[in-house]
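Working notes for the structure below.
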Amino acid sequence: MNASPTKAPSGTARARWRAAELLAQPHRLCFVAAALVWAASALAWLLALLALQVPLPMHGAEGVPTTTLHALAFTLGPMPLFFAGFLFASAPKWLRAPPRAPRALLPGVLALLGGWLLLIGLGAWSTAAAAAGLALCCAGWLALLAQLASLRRQATRRAGHFDAILGVCTLLALAPAAAALVLGLGRPDAARAIARASFWGAVLPVFLIASHRMLPFLAHADAPQPDETEAPRDAPWVVALPLAAGAGLALQALPALPGPASPWAAGLWPLHALLPAAAGALTLWLALRWRAHPATRAPLLHRLLRAFAWSGLAWLALAAAALPTLSGATGAALRAIGLHAMALGFAGGTMLSMVTRLSATQAGHSQAVDAVARVLEALLQLLLLARLLAAAWPRAAALALPLAALLWAAIACAWLVRHGNWAGRARLRAAPAAASPKPVAGNAE
């Protein structure tokens with residue numbers, strides 16, 4: 001099948017939806033699979049929370065605890081599939097390599113989709129089904145990694161960002177395999193620890209490295225003047241601190257695997273506090289520095305800068321949580337605030353903005369940030385506030401948690417319906433583009 005998408009005739013009429021169009025471009029297949037996993041996991045979490053209020057048979061005696069399923073599906077489910085779609089769409093430009101045929105990605109994507117749906121659908125009733133689903137996910141992700149490695153071998157230009165992402169993505173293949181192993185050993189608490197360590201040690205680094213490649217406020221420390229197209233200097237250290245802080249948090253999660261936290265982890269509290277504090281201060285300084293720059297008035301960059309600022313607040317909350325003078329309840333609340341501000345505010349906000357832009361522009365829509373995208377972004381900010389309220393004020397959790405889950409499910413389902421509809425239709429014929437302003441920073445392509 002031709003890898004390039006067909007074009008629909010101009011005008012208001014659109015071609016009918018066809019499953020074959022999902023194989024027209026690599027990101028279509030990956031994004032639709034990611035959205036299906038996203039919507040399924042969001043609806044499952046919403047039902048699990050509602051079951052606390054209304055008696056529903058949401059869990060079996062031999063199943064995996066709901067919180068473990070939530071951690072695994074939210075951390076390792078849709079985001080890696082969105083990563084794959086983004087990489088297979090963008091990396092050929094970075095590497096100057098021939099793009100992958102979408103049909104070559106089909107076995108890996110279907111294995112990932114089937115594995116996550118198996119875990120989400122049956123994991124609460126059967127640990128064996130959950131472990132089998134995770135093993136299938138590992139096989140699917142390894143198949144996609146093989147395609148990414150093949151892309152790297154055919155590159156005619158070096159791209160350090162791609163190499164770094166490819167290395168980190170290997171951990172994303174090992175994580176479901178490790179989680180399947182510990183579930184088979186009857187350790188759901190260890191599987192939850194693996195999910196948390198995977199977020200800090202693998203998922204977050206992919207966001208940081210890709211953002212450093214694409215976004216001006218992470219690629220450069222000094223904002224360029226309005227008449228400049230390049231920032232004065234590159235700043236790899238901008239992401240070095242957040243990467244180091246994330247690695248520290250991943251290591252903190254890992255001692256929970258064999259048993260209670262190791263004594264050495266408690267003795268390193270100054271490092272666990274100072275690294276996130278430094279990362280938070282740097283992040284907020286950059287966000288404030290870029291806030292007044294004309295480039296961030298563009299709707300997409302404005303949204304991405306807001307997501308970036310959420311990461312600064314998350315780091316500061318995590319730094320405060322590491323202080324030994326705080327009570328156990330206060331520290332746990334701050335850790336929950338930091339985790340969800342990073343996962344929903346930074347990772348969720350960045351993911352929603354970037355995949356919406358790529359999906360919209362590749363479908364032929366001239367405006368990526370339209371009214372629907374703005375509504376979904378507003379709902380994301382509302383659900384983030386509700387989730388942080390539940391973490392900070394336990395009395396409000398009975399209302400705030402289901403509200404956050406409802407909004408997350410609404411966003412997931414709306415994105416699936418809208419962009420799944422676009423992915424299955426022929427590309428709109430591009431309208432004549434208006435003159436665009438000079439790009440800011442030279443990293444984005």
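General remarks:
- Cα radius of gyration and Dmax for the range 297-342 (Å): 13.3, 43
- FRET efficiency for the pair L271 and A146, taken as 1/(1 + (r/R0)^6) with r the Cβ-Cβ distance and R0 = 51 Å, rounds to 0.85.
- Equivalent ellipsoid semi-axes, the range 300-381, via Cα gyration tensor eigenvalues times 5, rooted, Å: 33, 10, 8
- Simple spin-label estimate for K93 and R395 gives 5.2 nm between the two label positions (7 Å along the Cα-to-Cβ direction from each Cα).
- When both the range 91-137 and the range 347-367 are represented by their alpha-carbon centers, they are found 22 Å apart.
- Once both labels are positioned 7 Å from their Cα atoms along Cα-to-Cβ, the gap between L300 and A101 label points is 3.0 nm.
- Modelled spin labels at Q367 and R289, positioned 7 Å past Cα toward Cβ, are 3.4 nm from each other.
- Annotation: extensible slack from A128 through L110 equals 4.5 nm (criterion: 0.36 nm per residue apart, minus Cα-Cα distance).
Only the coordinates and a few stated rules stand behind these numbers; no lab work does. As the structure is a computational prediction, the values presented were derived from the model and not from experiment. Positions of Cβ are backbone-derived with ideal geometry, glycine not excepted, and every protein chain shown enters the neighbour counts.
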